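Heads up, the thing below is written out as structure tokens.
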Amino acid sequence: MTQATVAAALPAERPTYVRYKIIAFIFLITAINYADRATFSIAGNAAAGELGISPVQTGFILSAFAWAYVLGQIPGGLLLDRFGTKRIYAGAIAIWSIFTAMQGTVGLIAGLPVVATLFALRFMVGVAEAPSFPGNARLVAAWFPGAERGTASAIFNSAQYFSLVAFAPLMGWLVHDFGWRAVFWVMGALGLVATAMFVRFIHSPAKHPAINATELAHIETGGGLIHMEDGVGQAAKASTFTWHNVRQLLANRMMLGIYLGQYCINVLTYFFVTWFPIYLVKERGLNIMEAGFAAAAPALCGFVGGLIGGFASDRILKRTGNLDLARKGPLVVGMLLATMIIACVWVEAEWLVVTLMAVAFFGKGIASLGWAVMADVAPKSLAGLSGGVFNMFGNVAGIVTPIVVGYIVAMTGSFDLALVFVGAHCLLTIFSFLVIVGPIRRLEIA
């Protein structure tokens, strides 16, 4: 389609807004993605009782996902570049769903070591999910003009909170009524259904059967990369992954500050998706069904906070033109609210604990602007590599947090120091963005 053809079509057609359906579907897939990460958080207490798993072993099992997810970021990005978003992402959904379902068989086969098998299966879920967020970023870059990417990124990022709202009560009910194995089997089956939907619905903008010329022109003139998928095989021949390029990213103070900040924010994320339901059962005395519903309340607040943070940041940017204020303002406010998690140490009432957790998660949602910041600063020639390194650093928190919390609980018999550990990272996030990052600007590299 030539530019002249697109221009001629503008007066005659109303835009189709297919991109809104695309972001809604990405939101749904990401919600399933996070639910599969959290399956052992909901089922873990019952599974640990039946299989004889200690708190320290639970911590290592919960961390298994993140070990693989971190290691798979750059390879996942390279696969997306080489074979295209649709093929790799669809395969990823199917594979992680199969390994999710297989966790429900642990302990049924005599002779297999329980802890090692669970660790291995969750590790493979992490391997399979590695291309998911870089894939989301590629879809947003292709389907949305620059002025809409902050909001689009906030929408798919907020799915991590909605996931617990939608699926924590479901998984809690499954454990309560059908046993912990049912959680893995149901979520695995749901993922396979999502795979079929993804293959049917997701296409590049230039090849989507439902889009019209007006919307295509709007996306392209606004900076959307509508032809991103056209030459994926050729793009890999000039791969941006070289150690020289990686060193350039890691040698930059602004990028290091952003990477550190994302790690610190994700400490809170991974506490919620790993230990939080177990905390409600072990420390606060809820049963697993009550814990599932109680976990949904903070998650709902995080979901709302995530949308508010994205919309507020874009609005501040439009009104002031000040990129630092637009990104750092909501982040500081959000992280200050997130430190309220520490107050749970001195609170006895269950409803107040859930309220404080809801405030903390709301704040974390407001502050979750990392992908928007990356869109602002990533070198144009290294956008994929920058995103992979960013996501790799951020998800190191998924390795550290479950293990550290597991050791704290095993050594002290309480979650109090664990809550302080998480809250301290909220303050470190503020320090990182205000002191280390400096002015937010596009990084120029040799």
Practice task
Please list, in chain and number order, the residues 5+ apart from Thr16 or on another chain whose amide H is under 5 Å from its amide H, with Hs placed from the backbone.
Solution key: Asn212, Glu215
Problem - Estimated 222 nm signal from helices in the chain, with DSSP H stretches of n ≥ 4 weighted -39500 (n - 2.57), rounded to 500 - result: -24000 deg cm²/dmol
Practice task
Using 0.36 nm per residue of separation minus the Cα-Cα distance, give me the extension gain between Thr412 and Ala349 in nm, one decimal.
Solution key: 20.5 nm
Practice task
Quick one: dipole size for the range 278-376, taken about the Cα centre, charges +1 on Lys/Arg Cβ and -1 on Asp/Glu Cβ, in debye to the nearest 20.
Solution key: 360 debye
Completion exercise
For Arg315 and Leu250, extending 7 Å from Cα along the Cα-Cβ vector and measuring point to point gives, in nm, a value of 4.1 nm
Handout entry: ³J(HN,Hα), Karplus 6.51/-1.76/1.60, whole Hz, each residue of the range 363-378, x for Gly, Pro
Key = x, 4, x, 4, 7, 7, 10, x, 5, 5, 4, 4, 5, 7, 10, 4
Practice task
Within 10 Å, count the other beta carbons around each residue, average over each peptide in 44-51, 123-130, and list them highest first.
Solution key: 123-130, 44-51
Problem - Fully extended contour minus Cα-Cα distance, from Ala24 to Leu51, at 0.36 nm per residue - result: 5.8 nm
Handout entry: Sum of side-chain charges, Gly188 neighbourhood, beta-carbon under 12 Å (Lys, Arg +1; Asp, Glu -1)
Key = 0
Handout entry: Efficiency of FRET between Leu325 and Arg14 - r from beta-carbon atoms, R0 45 angstrom, step 0.05
Key = 0.80
Practice task
May I ask for the longest run of the chain untouched by trypsin sites (Lys or Arg not before Pro) that are loop-located per DSSP and have at most 16 neighbouring C-beta atoms (other than their own) within 10 Å?
Solution key: 1-440
Problem - For Ile226, distant residues with modelled amide H under 5 Å away - result: none
Exercise for the section: Find which of Asn245, Cys264, Ser97 sits farthest along the positive direction of the dipole of the chain, computed with +1 on the beta-carbon of Lys and Arg, -1 on that of Asp and Glu, about the Cα centre. Expected result: Asn245
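Laboratory data are not the source of any read-out in this text; all were calculated from the coordinates shown. Because the structure is predicted, anything quoted here is derived from the model rather than measured. All Cβ positions, even for glycine, are placed from backbone atoms using ideal geometry, and neighbour counts span all protein chains on display.
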